[in-house]
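Read through the structure below, which is laid out as structure tokens, and then see the notes.
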């Protein structure tokens, strides 16, 4: 079978396949990407971690200097002269740093008790503070990388969001508002600034190209509960969807496309749900021309902040054989039976059967 190239020439499928088989191993060797590492927001900023250690250390040193100055009569200088404030400051610092030259020593019981019961714990704290800082900037980062790699290997039932632009960020915000734990959301974006915003929102994030198999493998799409694709460009979003569908044949994938002509290619790439924000906005605008209340109700349905919400679920065994209008908690508006939709007015909705998926409206306020 012949195939036409973008330049208008014709080549056989066999020739194309041979060239791909030759080029593929070399491309894999040259372009083999490193594994992407999962990252999460640290509970305490670096500057805050340093600031509280420095502040507490300075405060304890000031306390020790103040007490030594007040009890300076209990200290003796080897020269026999009176102690100045500089002498007290010097004695305090060498005591805390365990240097102890012996030129100034505590001679009274109060001074010795203070050194034993207060200065010694301060000395230990100062040492631990410096060790802790080294831990934070060296050991802890190594530990965090290992921990994230451990979590990454065990990702399960999470939601992968490819693209953290306006739509992606709004989707994440809505997921969190609906009760999804931010740690169960993995955001993939090539832009470091966007990835950092995702981490600030509490999500796990990866910096990388979601069109690459390795990145999606690292995000464990095969174990994900759902995937949202909003890469900013239709061609990129469709390629991400195509790659993800090949890796995870049963993964529910929702994709946002800007051009109406790309809705069909997105579905052919394997998208479960295709959303055209511009087209949907046009529908809302047209409805608003006949009255704003219907549009307001639609906004309520899709937002966690509304008074009602639209949900879907599989019917329960106790609902078998009953009409859709008999459900107790919500208002049924549609059922899906073997992939086909049926409205509440149709005969199929008069008797629910096993496997039916019901779309219903539930209140979000008591």
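The values are calculated or read from the model by the stated rules, or taken from the named source; none is laboratory data. If you're wondering where the values come from, they're calculated on a predicted model, not measured in any experiment. Neighbour counts are summed over all protein chains in view; Cβ atoms, including those assigned to glycine, are modelled from backbone coordinates with ideal geometry.
Of the strands (runs of 3 or more DSSP E) contained entirely in segment 161-255, not one carries at least 2 residues that are free of Cβ contacts under 8 Å to residues at least 40 places away in the same chain, buried (at least 21 other Cβ atoms within 10 Å of the Cβ) and at positive phi.
Consider segment 295-308 and keep the residues that are at pLDDT 85 or above and in contact with a helix residue (DSSP H, G or I) (Cβ under 6 Å, 6 or more places away or on another chain). The one that is surrounded by the most Cβ atoms within 10 Å (Cβ to Cβ) is 295.
Keeping to segment 332-365, report how many residues are assigned to a loop (DSSP other than H, G, I, E, B) and over 31 Å from the mean Cα position of the chain (by Cα).
Taking segment 332-365 and keeping what is assigned to a loop (DSSP other than H, G, I, E, B), we get 338-339, 344-346, 351-356, 364-365.
The next check asks that each one be over 31 Å from the mean Cα position of the chain (by Cα); those that pass are 338-339, 344-346, 351-356.
The qualifying residues number 11.
Return the only residue of 221, 240, 229, 257 being under 25 Å from the mean Cα position of the chain (by Cα) and under 18 Å from residue 152 (Cβ atoms). Break it down stepwise before answering.
Working: 240 fails: under 18 Å from residue 152 (Cβ atoms); 229 fails: under 18 Å from residue 152 (Cβ atoms); 257 fails: under 18 Å from residue 152 (Cβ atoms).
So the residue among 221, 240, 229, 257 that is under 25 Å from the mean Cα position of the chain (by Cα) and under 18 Å from residue 152 (Cβ atoms) is 221.
The set of residues in segment 274-328 that are more than 31 Å from the chain's Cα centre (by Cα), part of a loop (DSSP other than H, G, I, E, B) and closer than 30 Å to residue 261 by Cβ comprises 289, 290.
Within segment 76-111, the set of residues being more than 17 Å from residue 66 (Cβ to Cβ) and part of a strand (DSSP E or B) comprises 76, 77, 105.
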